[in-house]
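J.: Submitted below is the structure of interest, expressed as structure tokens.
The values are calculated or read from the model by the stated rules, or taken from the named source; none is laboratory data. Not measured: the values here are computed from a predicted model. Glycine also receives a Cβ, built like all others from the backbone with ideal geometry; neighbour counts cover every protein chain displayed.
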Amino acid sequence: MRIQFGKQLADIGLITLPSNYQIVAQNTENLDSWLSERSQSFNRYSHQVAIVKAILCAGLYPNVAATEQGIASATLNSIKQSGSCDIKSRPIWYDGRREVHVHPSSINSSSKALQHPFLVFLEKVETNKVFLRDTTIVSPFPILFFGGSINIQHQAGLVIIDGWLKLTAPAQSAVLFKKLRSTLHSLLKELIKRPESATLVDNEVVRSIIQLLLDEDKSSK
């Protein structure tokens, strides 16, 4: 996955692969090693789990599931009316339409206590049940920054993402996040148009978002 991601970033001009790329490409281990070097500028935050999870959220969204604590009441009631939801010892996950299950091969399948009510996943497989593969628990901030449309319910102190994901946030904070996200999207568009002139990581807005993600991670520990 790292090599695929690296090639995609190179294709749109966000990173520059080594000049001997064609030779290196014949040995994927060499290319993978080069991409994973912490000295690379694009790996500046590779050791920060909170940032890596936020990037996963940005890349995998809308492949997201939530427990009851992270779902808007109307959506949750609709799901429960459409099928039975038994009481279980482990968290029950929903994808906005129905109950889903973390695949037994995932490390999160055996988790009984969760730090956050959201996860992103790579693949959804339907057999006798709907299973989610390659799951990662994510915190609310990445959902706010990289999720879908935002509906701020000022009086209730809630933020609804894409009509079904529920986050608790004071209205003033929610508005700030919405403005930061809009600015980030504009920066990304500019970066893709003119990758040679952009210094995204050193941008003040990006630094603020990174710091917010790191602060959230610290406060949740």
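J.: Take region 97-111 and flag every residue that is surrounded by fewer than 19 Cβ atoms within 10 Å (Cβ to Cβ) and hydrophobic (A, V, I, L, M, F, W, C).
T.: Ile107, the sole residue that qualifies.
J.: Same structure again: Just to be sure before I move on: is Thr183 hydroxyl-bearing (Ser, Thr, Tyr), at pLDDT 85 or above and touching a Leu at 6+ places or on another chain (Cβ under 7 Å) in the structure I sent?
T.: No, not satisfied.
J.: Considering only strands (runs of 3 or more DSSP E) fully contained in region 56-132, which possess at least 1 residues that are within 30 Å of Leu188 (Cα to Cα)?
T.: 64-66, 118-126
J.: When the residues of region 33-54 are narrowed to those that are surrounded by fewer than 16 Cβ atoms within 10 Å (Cβ to Cβ) and more than 17 Å from Thr16 (Cβ to Cβ), which ends up modelled with the lowest pLDDT?
T.: In this case the residue turns out to be Arg38.
J.: Is region 195-207 home to any residue that is assigned to a helix (DSSP H, G or I), touching a residue at least 24 places away in the same chain (Cβ under 8 Å) and surrounded by 12 or more Cβ atoms within 10 Å (Cβ to Cβ)?
T.: Yes, region 195-207 has at least one match.
J.: Tell me which residues, restricted to region 163-178, are part of a helix (DSSP H, G or I) and not small (Gly, Ala, Ser).
T.: Gln172, Val175, Leu176, Phe177, Lys178
J.: Condition first: among the hydrophobic types (A, V, I, L, M, F, W, C), surrounded by 20 or more Cβ atoms within 10 Å (Cβ to Cβ) and within 16 Å of Ile51 (Cβ to Cβ). Now tell me which residues in region 112-142 satisfy that.
T.: Val120, Val138, Phe141
J.: What about Ile192, is it surrounded by 14 or more Cβ atoms within 10 Å (Cβ to Cβ) and either closer than 28 Å to Ala65 by Cα or out of contact with any His (no Cβ under 6 Å at 6 or more places or on another chain) (or both)?
T.: Considered against the rule, which asks whether it is surrounded by 14 or more Cβ atoms within 10 Å (Cβ to Cβ) and either closer than 28 Å to Ala65 by Cα or out of contact with any His (no Cβ under 6 Å at 6 or more places or on another chain) (or both), Ile192 comes out as no.
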